[in-house]
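Below you'll find the structure, written out as structure tokens, and then a few comments.
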Amino acid sequence: MSAGERAHDDRLLLDVRGLTVRFPTPDGVVQAVSDVSFQLHRGETLGVVGESGSGKSVSNLAIMGLLNRTRTVISGEVDFKGRNLLTWSSDELRKVRGKEIAMVFQDPFACLHPMYRVGAQIAEAVTAHSDIGNSRAWARAIELLDHVGIPNAKSRARDYPHQFSGGMRQRAMIAMALVHNPDILICDEPTTALDVTVQAQILELIEGVKREFDIGVILVTHDLGVVAETANSVMVMYAGRIMEYGPAFDIFSRPQHPYTWGLLDSMPSIDRRLEALVPIEGSPPSLLTPPSGCPFHPRCPYRFEPCATKLPPLEAPTAEAHLDACWLPWDKKVELGTQRAKKVAA
Ligand code: SF4
């Protein structure tokens, strides 16, 4: 199903259509997110990938109602279980946040209060949305810590955050996010601050939680490698816009947008020599004055006549579910994609 179509299946959790976020500033309007549409189903992990400033985190903050409404102009529709979250009051959103839609951030140290025991902070999250008593909330905190793989959860619940390792702190944050059995878990760069081994364990935990609770996961990252193993679908963003969106298998096996090629070619992997990595030249544009036409054109090695003046639409050149926003004709994309695949294999 294409990103812009309305679906009517009961597995659909989130249907985002034309999400646009603008920040008026004294220097002009920051065009943070432009016309973003996607869907999330139960049991699905959607990987949202892009460099910093691509709009991936702002999109999710808008969905969570975490942007200051007096300083932000948000339009579009964010249907959650059939209701448009963008029309909800701050009070209504507060009830959904942390309960039906939960979020895990990059830096658990910044989210956990250093002066409170880890178990107490999870127990507080339990009581925040329910009238459970303190002792039952504490028991639930221990149960959740145990569930996310904290050894000796009963005694470790009494530890302070600094007594946990980075990986354990992130596990504690995931435990806190699961307190009210959410439908959606948004993980924003959940493994960026962790070393590679712990990174894999946390991704495995998120995947396990998704399967066990049959929830939808949005995994926001700058690293395509992070979503390669776990995502079912991938949305590649640049300068606040979707460049490519489709099933993860298609994005990795038949990428069809020059920006995705660039991200893949600059991604380290076990079987790729360091000298074979090709960074994308230049830097992402200012969102105060984004480039005209295709936002990637100043950095794109394949730009041609219409790219600098006309914005390419997000379309499905062949497979209905695999969309990209690029003016290159389909046969040219196939030719360039084949050349690239040969180079990678060499
Ligand atoms: Fe490159 Fe043009 Fe395609 Fe943009 S539309 S990615 S500039 S070829």
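Expected output is a single nm value to one decimal: the length gained when fully extending between His113 and Ala316, i.e. 0.36 nm times separation in residues minus the C-alpha distance. What is it? Display every interim value, and only then the final one.
Numbers: separation 203, 0.36 × 203 = 73.08 nm, distance 4.63 nm.
Length gained between His113 and Ala316: 68.4 nm.
Kindly give Rg over Rh for region 199-294, based on alpha-carbon atoms, with the Kirkwood expression for the hydrodynamic radius. Write out the running numbers ahead of the final one.
Values: Rg = 15.2 Å, Rh = 15.1 Å.
Answer for region 199-294: 1.00.
Once you've got the GNM for the chain with C-alpha springs shorter than 10 Å, pick whichever of His113, His297, His41 has the biggest mean-square fluctuation.
Result for the chain, Cα springs under 10 Å: His113 fluctuates most.
At 222 nm, what helix-only mean residue ellipticity would the chain give, in deg cm²/dmol to the nearest 500, using -39500 (n - 2.57) for each DSSP H run of four or more? Mind dumping the intermediate values first?
Working: 12 runs with 113 residues, N = 346.
Calculated mean residue ellipticity at 222 nm is -9500 deg cm²/dmol.
Taking the solvent-accessible surface of protein heavy atoms with a 1.4 Å probe, what is the per residue accessible area of the chain in Å²?
Working: 16500 Å² over 346 residues.
In whole numbers, the chain has 48 Å² accessible per residue.
Can you tell me which of Glu305, Glu51, Glu281 moves the most in a GNM of the chain? Springs connect C-alpha atoms under 10 Å apart.
Glu305
Stick to the Cα atoms of region 1-149, pair each with every other, and give me the Kirkwood hydrodynamic radius in Å at one decimal.
On the way: mean 1/r = 0.0568 Å⁻¹.
Its Kirkwood hydrodynamic radius stands at 17.6 Å.
Roughly how many nanometres apart are two label points built 7 Å out from the Cα toward the Cβ at Asp27 and Lys154?
5.7 nm
On C-alpha positions alone, give me the angle between the axis of helix 166-177 and the longest principal axis of the chain, in degrees, nearest 10.
The two axes meet at around 80 degrees.
Under a 10 Å cutoff between Cα atoms, tell me which one of Gly293, Gly53, Gly18 has the largest fluctuation in the Gaussian network model of the chain.
Result: Gly293 has the largest fluctuation of those listed.
What is the pair-distance distribution P(r) of the chain, computed from all Cα-Cα distances in 20 Å bins starting at 0, with each bin given as a whole percent?
29, 56, 15, 0
Which number do you get for Rg(Cα) / (2.2 N^0.38 Å) in region 108-181?
0.96
At a Förster radius of 45 Å, what calculated FRET efficiency corresponds to the Cβ-Cβ distance of Asp91 and Thr309, to the nearest 0.05?
Details: r = 45 Å, r/R0 = 1.01.
The value I calculate is 0.50.
Taking R0 as 35 Å, what's the FRET efficiency between Asp195 and Lys342 from their Cβ-Cβ distance, rounded to 0.05? Show your work: numbers first, answer last.
Working: r = 34 Å, r/R0 = 0.96.
Rounded to the nearest 0.05, the efficiency is 0.55.
Mind checking the angle between helix 118-128 and the chain's longest principal axis? C-alpha axes, 0 to 90 degrees, to the nearest 10.
Computed tilt is about 90 degrees.
Of all the accessible heavy-atom surface of the chain, with the other protein chains kept in place and a 1.4 Å probe, what percent is carbon and sulfur? Present the calculation step by step, with values, prior to reporting the outcome.
Numbers: 8690 of 16500 Å².
The nonpolar share, carbon plus sulfur, comes to 53 percent.
The values are calculated or read from the model by the stated rules, or taken from the named source; none is laboratory data. All of these numbers come straight from a predicted model, not from anything done at the bench. Every residue, glycine as well, gets a Cβ built from its backbone with ideal geometry; the counts of neighbours run over all protein chains shown. In case anyone asks, the SASA skips ligands and DNA or RNA and just uses the protein heavy atoms, side chains included. Shrake-Rupley method; radii C 1.70, N 1.55, O 1.52, S 1.80 Å.
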